[in-house]
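The structure under discussion appears below in the form of structure tokens.
The values are calculated or read from the model by the stated rules, or taken from the named source; none is laboratory data. Model, not experiment: these values are computed from the prediction. Here the Cβ is made from the backbone with ideal geometry for all residues, glycine too, and neighbour counts use every protein chain on show.
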Amino acid sequence: MFTDAVHGRIKPGRATVRHGEPAFEDPILLKQDGLPTYHLANVVDDHLMNITHVIRGAEWLPSTPKHVFMYQAFGWEPPVFCHVGLLMDMEGHKLSKRTGDVHISEYRDKGYLSEALLNFVALLGWNNRLKSDVLPLEALVENFSIKDLTKGNTKVNFGKLDYLQKAFIAAYSVPEDGDTNKSSSFTASIVEAVQNAVAVRFPQVPEELRHPEYIAAILESDMKNYITPVKFVESHDYFFLPNPDWDSIEANVYREKMTGEDVIKGKDALATIVNTMKKRPSDMLEWNDDYITRILGDNWQDEDSKKMVQRNLRYALAGGKGGPGIHKIMMILGEEEVIRRLENVRWYGKRGQLDEKGRVIMTWKETREKMDEEDEEEINDLLKKSSQI
């Protein structure tokens, strides 16, 4: 019998009694080639290295009584044994190299902060009694205890790692101690990492779209959604592509949520925005957030109309993807690029087809501005039919 730091008192499960003492089937300690098996090697090695605590997976719990008896046979003091649950994927399978990234270094190479990784690993199988899961090293040292480790296996949810990464990114971006030098240095390292990710993902991208100031502006506009350089570039690819990917899954999902009426009104709205921008005297009105607010606010007053315009703009400029607000997207892209995208936005699908909810699937290969009156009359007729379904 021995005491495990997690499971408590453990009785040998398969021991028999000989001469009043527990005994096991004879385990193989030395192989024919003279090399020791794990049972012997781990006991001798841990003793010679002055190991005080053995923390290992629960699959070794049944073998531990053998190891304890071997320590006693050698006349050595056994270490403290601590058997923890296994790490499983979300489907209940044991984590392994065949089921995905399992080595910490792989996540570090992807751009995860060491603080986030340490916090994430510490929470695996640990019954954290604190209100927050975001714990810097000092808090982990102060509050972590082996006694709070859980006995069962642990499902590894990598979404928690992303959550912790965002929390530490936010803390470093705006440090509590107000150290602007530390914040600037951290931001510069993120900018460089994103630059490298852009170069790998889009090797043909123009130099100005990899410029540090351009990257910094994108990061500043949506730092709350930064996780890793590669993920950020993928989710904000519309800043680096000649046009948004209007064929992407995100674009299709976004488009399906828009009604035919949204698109009809949106066509006129985007045309109005383009015409207003083209008439702007560049020497009188500066392209800034105030001007963009004025463009969008002067023409649409009620909330429903404003939301309709926002939906159409996000589809046209970003392919329906998330990210910063429309004002910031327009500011970063610049007036010339905004006009170009609004004039070339494409909508795909079968013209005039009704979906299962009676909505018109509004998808054209022509730009909205080039829709002729015949198309619009046809669409309006279908809208009337859909309202009767």
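So here's what we get for this one:
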{"read-out": "Cβ pairs under 6 Å, 6+ apart, first in the stretch 252-277 and buried (at least 16 other Cβ atoms within 10 Å of the Cβ), second of a type in the set (Asp, Glu) and modelled with pLDDT of 80 or more", "value": "Met277/Glu335"}
{"read-out": "Members of the stretch 110-148 that are of a type in the set (A, V, I, L, M) and in a loop (DSSP other than H, G, I, E, B)", "value": "Leu113, Leu124, Leu130, Val134, Leu135"}
{"read-out": "Glu337 vs. criteria under 24 Å from Asn225 (Cβ atoms), at pLDDT below 80, surrounded by fewer than 16 Cβ atoms within 10 Å (Cβ to Cβ) and not basic (Lys, Arg)", "value": "no"}
{"read-out": "Options His39, His93; residue that is modelled with pLDDT under 95 and closer than 28 Å to Asn127 by Cα", "value": "His93"}
{"read-out": "Conditions (1) closer than 22 Å to Gly334 by Cα; (2) in a helix (DSSP H, G or I); number of the one not met by Asn243", "value": "(2)"}
{"read-out": "Near pairs, Cβ below 6 angstrom, 6+ apart or cross-chain, from the stretch 293-317 (at pLDDT below 85) to any residue that is charged (D, E, K, R)", "value": "Trp300/Lys306"}
{"read-out": "Residue among Lys267, Lys231 that is assigned to a helix (DSSP H, G or I), modelled with pLDDT under 85, touching an Asp or Glu at 6+ places or on another chain (Cβ under 9 Å) and of a type in the set (Lys, Arg)", "value": "Lys267"}
{"read-out": "Residue in the stretch 98-114 that is without any contact (Cβ under 8 Å) to a residue 40 or more places away in the chain, more than 21 Å from Val230 (Cβ to Cβ) and not aromatic (Phe, Trp, Tyr) present", "value": "yes"}
{"read-out": "Of all residues making up the stretch 43-65, the number that are closer than 20 Å to Gly85 by Cα and crowded, with 16+ Cβ neighbours inside 10 Å", "value": "5"}
{"read-out": "Lone unmet requirement of (1) of a type outside the set (Lys, Arg); (2) more than 21 Å from Glu213 (Cβ to Cβ); (3) in a helix (DSSP H, G or I) for Met331", "value": "(2)"}
{"read-out": "Condition check for Asp290: surrounded by fewer than 14 Cβ atoms within 10 Å (Cβ to Cβ) and touching a residue at least 40 places away in the same chain (Cβ under 8 Å)", "value": "no"}
{"read-out": "Some residue of the stretch 197-218 being under 19 Å from Gly320 (Cα atoms) and buried (at least 18 other Cβ atoms within 10 Å of the Cβ)", "value": "yes"}
{"read-out": "Test: residue in the stretch 208-226 that is in a loop (DSSP other than H, G, I, E, B) and either touching a Phe, Trp or Tyr at 6+ places or on another chain (Cβ under 9 Å) or assigned by TED's automatic domain parsing to the domain that holds Arg108 (or both)", "value": "yes"}
{"read-out": "Thr187 modelled with pLDDT of 95 or more, farther than 30 Å from Glu59 by Cβ and of a type outside the set (A, V, I, L, M)", "value": "no"}
